[in-house]
Amino acid sequence: MTEPWPADEGARRADALFRRAFGGAPDGVWSAPGRVNLIGEHTDHNGGLCLPVAIGHRAYVALRARKDGSVRVVSAQHPGDRPATLAAPITPARAAAEPGWPAYVFGVAAMLRARLAGTDPTADAHPPAAVPGADITVDSCVPQGAGLSSSAALECAAACALADAAGADIGDPSLRRALVDATRTAENEVVGVPSGAMDQSAALLASAGHALLLDCGDGLATPVPFDVAALSASLLIIDTRTTHALVDGGYATRRAECAAAERALGVRNLSGAVDADVAGLADPLLRARARHVLTENARVRAFVRELASTTPSAQRLGALLDASHASLRDDFAVSTRELDLAATAAREAGAFGARMVGAGFGGAVLALGPDGDAARIAARVTVAFRAAGLPAPACYPAQASAPAGRER
Ligand code: ADP
Ligand code: MG
């Protein structure tokens, strides 16, 4: 199992890399978490509900402001690279022309410049803030491409660092909502990944000991107490290390199928459809896709109700995870042999429930197990993978952790 770094270790790493790469001390260190979605999969792009938690694995960013307006960035995860540099003026178009991972950081800088400086008339009203140029180093224990949203962790840590350096109050909830919008837009328009706002919302708006109920229809974000210790439970993420690419054909096909079901039902998004109308859809494939969205929204509501009850039960929460997995496998058809095996093996090892998380076609499984059992379940799943001739999965313990903020 790969534990997250303690916060002081992450901050020390980003700080030390800064001194090596740029010389002298940074102005500060900021961090942002990866996330895992407890329940509510493939509902975000259908105007539905999801329930992410921020996890303990975080990206750490050290920053020192520059007067010349340019941005330089180095990442410990790309040790061979010389600092990537984008000279002023930092604009979304110029950031988008940069190849590779630095576009994530340049994109955030460009979007913040446009929005916090008040030059974007569609942005929320904020005191105009002059986002400076910056030297930035990154070190992160969020695994990349495992579906834990290393990209949003990087974007949101950089956004907090730049906004703080600009003199904005990064504790202000309305500023945080503006950062969600800016970082998501950077990922969509600069990097070119057509993702929803779940990852950035979790990184910036979640809180320790809570999940974040997101209504992707109206954009409302509500904290929901989620205390795994009080449930005598633990969370385990099992990354099957099989391909996970949001831009692959399977994801696009599902989106197109949902759009076709919306047209057939005459609704603006599937979450607004009625059960009886979905049951009456002539095309069995569209019927199954729509049914997943409606039943998954219902499972998110049931999960939240269970958490809010006087005696929440890990068994009942686990049963909802199992039902979510079955629906993603059978109705939405996005599971794989590896994901099914990880979920089944986790249950056989004593988990209350387990489900694939993320878009599917590979990626990770989330298991809710008895307290103190995460390592044992991880070991049992690894044995099952070996027996099936599959490479060992990567396992991460998860806790509902703190949102993005300043470390030092
Ligand atoms: P996920 O967000 O699920 O981990 P993505 O494909 O959305 O997967 O994002 C992974 C990409 O984000 C990486 O390929 C890289 O470009 C960028 N990235 C994430 N973390 C870092 C990091 N610490 N340093 C440099 N780039 C990073
Ligand atoms: Mg991502």
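The table that follows gives values for the structure above.
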item: Qualifying residue in the range 2-12 (condition: among the hydroxyl-bearing types (Ser, Thr, Tyr) and either open to solvent by less than 50 Å² (accessible area, probe 1.4 Å) or within 16 Å of ligand 2 (Cβ to nearest atom) (or both)); result: no
item: So Gly40, is it within 16 Å of ligand 2 (Cβ to nearest atom), open to solvent by less than 10 Å² (accessible area, probe 1.4 Å) and not hydroxyl-bearing (Ser, Thr, Tyr); result: no
item: Single match in Arg329, Arg268 (criterion: outside any helix (DSSP H, G or I), over 25 Å from Asp227 (Cα atoms) and either in contact (Cβ under 8 Å) with a residue 24 or more places away in the chain or among the hydroxyl-bearing types (Ser, Thr, Tyr) (or both)); result: Arg268
item: Members of the range 169-228 found to be assigned to a helix (DSSP H, G or I), within 16 Å of ligand 2 (Cβ to nearest atom) and touching a strand residue (DSSP E or B) at 6+ places or on another chain (Cβ under 8 Å), listed by number; result: Met198, Asp199, Ser201, Ala202, Ala203, Leu204
item: Pairs where the first residue, in the range 98-118, is on the phi < 0 side of the Ramachandran plot and the second is open to solvent by 40 Å² or more (accessible area, probe 1.4 Å) and of a type in the set (D, E, K, R), C-beta under 7 Å, 6+ apart; result: Phe106/Glu98
item: Given (1) touching a Ser or Thr at 6+ places or on another chain (Cβ under 7 Å); (2) open to solvent by less than 40 Å² (accessible area, probe 1.4 Å); (3) within 15 Å of ligand 2 (Cβ to nearest atom), index of the condition Ser149 fails; result: (1)
item: Scope the range 1-36; condition within 23 Å of the chain's Cα centre (by Cα) and farther than 29 Å from Thr382 by Cβ; matching residues; result: Asp8, Ala11, Ala14, Val29, Trp30, Ser31, Ala32
item: Boolean, Asp199 is at pLDDT 95 or above, within 16 Å of the chain's Cα centre (by Cα) and open to solvent by less than 30 Å² (accessible area, probe 1.4 Å); result: yes
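The values are calculated or read from the model by the stated rules, or taken from the named source; none is laboratory data. What you are looking at is a predicted structure, and each value in this text was computed from that prediction instead of being measured. Positions of Cβ are generated from backbone atoms using ideal geometry, with glycine treated the same way; all protein chains shown enter the neighbour counts. The area values use the complete protein model at the heavy-atom level, side chains included, leaving out ligands, DNA and RNA. Shrake-Rupley method; radii C 1.70, N 1.55, O 1.52, S 1.80 Å.
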